[in-house]
Amino acid sequence: MNGLPGFLRLLEGPQTVGRGPAFWIVFAIVFAMACAYPLFSDGYTVGNTVYFFVWVFIALSLCLIWGYGGSLSFGQTAFFGIAGYSYGILTLNFGSAYGFTLVALVLAIAIAALFALLLGYFMFFGRIAGVFLGIVTLAVTLMLERFMAQTAGPEWRIGVARLNGFNGMSAMPPLTIPWPGGDIVLFADIGLYYAVLGLLLLVYLGLRILMNSAFGNVIVAIRENPERAEMLGYDVRKYQLITFVIGAALAGISGVLYTVWGQYITPSSMGMTAAALPLIWVAVGGRSDLTSTLIGTLVVLAAFQALTIYGSQYALVFMGVLLVLTVLIAPNGLVLGVMNLISRLATRRSKGDV
Amino acid sequence: MALLELRGLNKHFGGLHVTNSVDLVLEAGEIHCLIGPNGAGKSTLFRLILGEHHPGSGDILFAGENITALKPFARIHRGLSVKFQVPGVFKGLSVRQNLEIALQRTHRSVELAREIDRLLTFLNLEAEQMQTAGNLSHGQKQWLEIGMAISLKPQLLLLDEPTAGMSPEETHQTGEMVQRLNADGMTVLAIEHDMAFVRQVAQRVTVLHLGQVFAQGSIDEIVADERVAAIYLGQAHA
């Protein structure tokens, strides 16, 4: 189990599509292309790509909680917002010197995770499940949006950071890495691109290892039949809570990165539309697989942006239509359907050779 | 020595008295069958033993310890295991993964793989191991779930209608398997309607009727009891 083959084995299993040398060679090529891409592009386009990448983390969080865990959470945008605002409040108060923005990044994600721990404790240990989980998490999200929207007055401040109501917070410092000979500031172009790409790689591979571990087995077992899982000796509530907290941390990563990308965060990032869109990306891609979610999210986001140029209302209608079509034609997700088709064809061919 | 002891268990659902002061002692090492007409409270009694329902009053003692307040998963850790009435397999996962989930709490890596293979052979499901469990026949699902339940190596195995939907031959095989497990020291409490199965395996039988213990004894004593025939066996033989 040593070396590269041993490591690859940790990344493969029944819970994730894609295995064997062919998959990992394609993966390495795609990653190399992603690394080389800024060399052949301009700063604005690269910055726009970062924007797409930022959303993948929240999509993966939903994939984990909903696709693998079977609990539909509308609350991911709440954790997104909490982390984003936390980053703003921390960095506006304490600045960016001595690498504090990186500390703020970690703290903001931790605050979102802590909030999820509290909320999740009452939900899962109160045995709230199914559609009620969706209702509770949606209510929390909308409540946070309403609350933040009414913080326009000067009395709503934490330290020097004004919450600014519906206009949101802005002008927080970008991520800054302390470096001898001058700090490296990750503005929303090439610098931030590589940081986010690296983080995305780590999170994707980390989640693959997690889902193919014994822990991942229990998570899908709970999705399939929680009663049976409990009767095999697993404390279902504990596993659901841990998954929920990990998911909240991932949504928090999106929230912080979104905030540093545009240097602003507003309450509408926790609104109804913001809460619904990730569900569509994940459902269209294929919620029960990490790779499908990743690809699906990037494709749908790019299509959405292209359509927005012609009129944002039509783009939203299109998203709705896309969701309905997915549910009707490929309930497991379009990307996942295509990937399963490819792997079936590949197996048939290799069997034909023998 | 008593392995499981139920003392005055009461459970109400609204106005319905589902179990009414049930006292039951299960000796370590026995195969005990629980019979009774539909609605007698058999499955409710299982859910009380497992902790899915909580009794209004009464105590549950397992291996001398009062487990009445324990959560279901904690009771499993103490040495209980169950096969449900409706097959409770993980339908969307492969047969192999079903067993892996059951075994991974107590086994790791190479040992885990070996134990899964051993169970697949034991259950005669080797050829189906990569199949989705939802695609198995009803009988195979029953076997798979029994396999998951016994893989925990419990002290007490609860079986809720283990042979439902099985052919007479499969039923007989299941009976033999239960006897083999019992010979290895496993205590078994089974709810069963199939009298051939009860006759094959039961060392003692308890008849439950309207939430109360109605009669108890060997299968021959139960069959000879005219009161029991009136409430239950009469219907079963009809």
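The values are calculated or read from the model by the stated rules, or taken from the named source; none is laboratory data. Because the structure is predicted, anything quoted here is derived from the model rather than measured. Here the Cβ is made from the backbone with ideal geometry for all residues, glycine too, and neighbour counts use every protein chain on show. These area figures cover heavy atoms from the full protein model, side chains too; ligands, DNA and RNA do not enter into them. Shrake-Rupley method; radii C 1.70, N 1.55, O 1.52, S 1.80 Å.
Computed over the Cα atoms of region A:271-354, pair by distinct pair, the Kirkwood hydrodynamic radius stands at 13.7 angstrom.
Model label sites at B:Glu169 and A:Thr347, defined 7 Å from Cα along the beta-carbon direction, differ in position by 3.0 nm.
Would you please give the FRET efficiency between B:Asp59 and B:Met1, computed as 1/(1 + (r/R0)^6) with r the Cβ-Cβ distance and R0 = 25 Å, to the nearest 0.05? Display every interim value, and only then the final one.
Values: r = 18 Å, r/R0 = 0.70.
About 0.90, to the nearest 0.05.
Looking at the square roots a ≥ b ≥ c of the eigenvalues of the Cα gyration tensor of chain B, which shape do they give, rounded for a/c under 1.5, prolate if a/b is larger than b/c, or oblate? Here chain B falls in the prolate category. To the nearest ten degrees, helix A:236-262 and the longest principal axis of the Cα atoms of chain A are 50 degrees apart. The alpha carbon centroids of region B:165-184 and region A:114-134 are separated by 42 Å. Under 5 Å between amide hydrogens, built in the peptide plane, is the criterion, and for B:Thr19 it picks out B:Lys11 among residues at least 5 positions away or on other chains. Computed on region A:124-239, the Cα convex hull volume stands at 206 Å³ per residue.
Assign one of three labels to region A:72-181, namely rounded, prolate or oblate, based on the Cα gyration tensor with a ≥ b ≥ c the square roots of its eigenvalues; rounded applies when a/c is under 1.5, prolate when it is not and a/b is larger than b/c, and oblate otherwise. Provide the component values of the computation, followed by the final result.
Values: a/c = 3.05, a/b = 1.62, b/c = 1.89.
Oblate, since a/c reaches 1.5 and b/c is not below a/b.
Accessible-area rank, largest first, for A:Phe318, A:Phe166, B:Phe62: A:Phe166, A:Phe318, B:Phe62, with all protein chains present and a 1.4 angstrom probe. Charge tally for A:Leu8 (other residues, Cβ to Cβ under 13 Å; Lys, Arg +1; Asp, Glu -1): +2.
Hull volume per residue, based on the alpha-carbon atoms of region B:90-135 and their convex hull, is 64 Å³. With helices as the sole contributors, the protein assembly as shown gives -18500 deg cm²/dmol at 222 nm; each DSSP H run of n ≥ 4 counts as -39500 (n - 2.57), and the sum is divided by every residue.
Between A:Ile25 and A:Ser41, the simple spin-label model (points 7 angstrom out along Cα→Cβ) gives 2.6 nm. For chain A, the share of accessible area belonging to carbon and sulfur comes to 73 percent (1.4 Å probe, ligands and nucleic acids excluded). Each 10 Å bin from 0 upward holds the following percent of the Cα-Cα pairs of the protein assembly as shown: 3, 15, 22, 21, 16, 12, 8, 3, 1, 0. Could you name the lysines whose alpha carbon sits less than 26 Å from that of B:Lys83, not counting residues in the same chain fewer than 8 places away? The reachable lysines, counting only those whose Cα sits under 26 Å from B:Lys83, are A:Lys238, B:Lys11, B:Lys42, B:Lys71, B:Lys91, B:Lys141, B:Lys153. Scanning residues 5 or more positions from B:Leu93 or on other chains, those with amide H under 5 Å from its amide H are B:Ala133, B:Gly134, with H placed 1.01 Å from N in the peptide plane.
For chain A, averaging the sequence separation of C-alpha pairs within contact (under 8 Å, six or more residues apart) and dividing by the residue count gives a relative contact order of 30 percent.
Full extension of the chain segment joining A:Ala32 with A:Asn48 gains 3.9 nm, where the gain is 0.36 nm per residue of separation less the Cα-Cα distance. Gyration tensor analysis over the Cα atoms of chain A returns equivalent ellipsoid semi-axes of 32, 26, 21 Å (largest first, whole Å).
Looking at region A:1-71 from every direction and averaging, what is the projected area of its Cα convex hull in nm²?
Approximately 6.5 nm², given one-decimal rounding.
Rounded to 0.05, the FRET efficiency of the A:Gln313 and A:Ile177 pair, given R0 = 56 Å and the Cβ-Cβ distance, is 0.85. Going 7 Å from the Cα of B:His77 in the Cα-to-Cβ direction, what parts of region A:114-133 have a backbone nitrogen less than 15 Å from that spot? No residues fall inside that zone.
Of the two radii for region A:86-138, the radius of gyration is 1.22 times the Kirkwood radius, both from the alpha carbons; that is the Rg over Rh value. With a cut-off of 15 Å on the backbone N, the residues of region B:188-210 near the modelled label site 7 Å out from B:Glu221 along Cα-Cβ are B:202-208. Per-residue Karplus couplings for region B:16-30, computed as 6.51 cos²θ - 1.76 cosθ + 1.60 with θ equal to phi - 60°, are listed in order as 8, 8, 6, 10, 10, 6, 7, 10, 8, 10, 10, 6, 4, x, 9 Hz, Gly and Pro entered as x. Projected label points at B:Phe13 and B:Gln179, each 7 Å from Cα along the beta carbon direction, are separated by 3.6 nanometres.
Relative to the longest principal axis of the Cα atoms of chain A, the long axis of helix A:290-308 makes an angle of roughly 50 degrees. Using a 1.4 angstrom probe on protein heavy atoms only, the contact between B and A buries about 2000 square angstrom of accessible area, both sides summed. To the nearest 10, the accessible area of A:Arg237 is 20 Å² with a 1.4 Å probe. Annotation: per residue accessible area for the protein assembly as shown equals 44 Å², rounded to a whole number [probe 1.4 Å, protein chains only].
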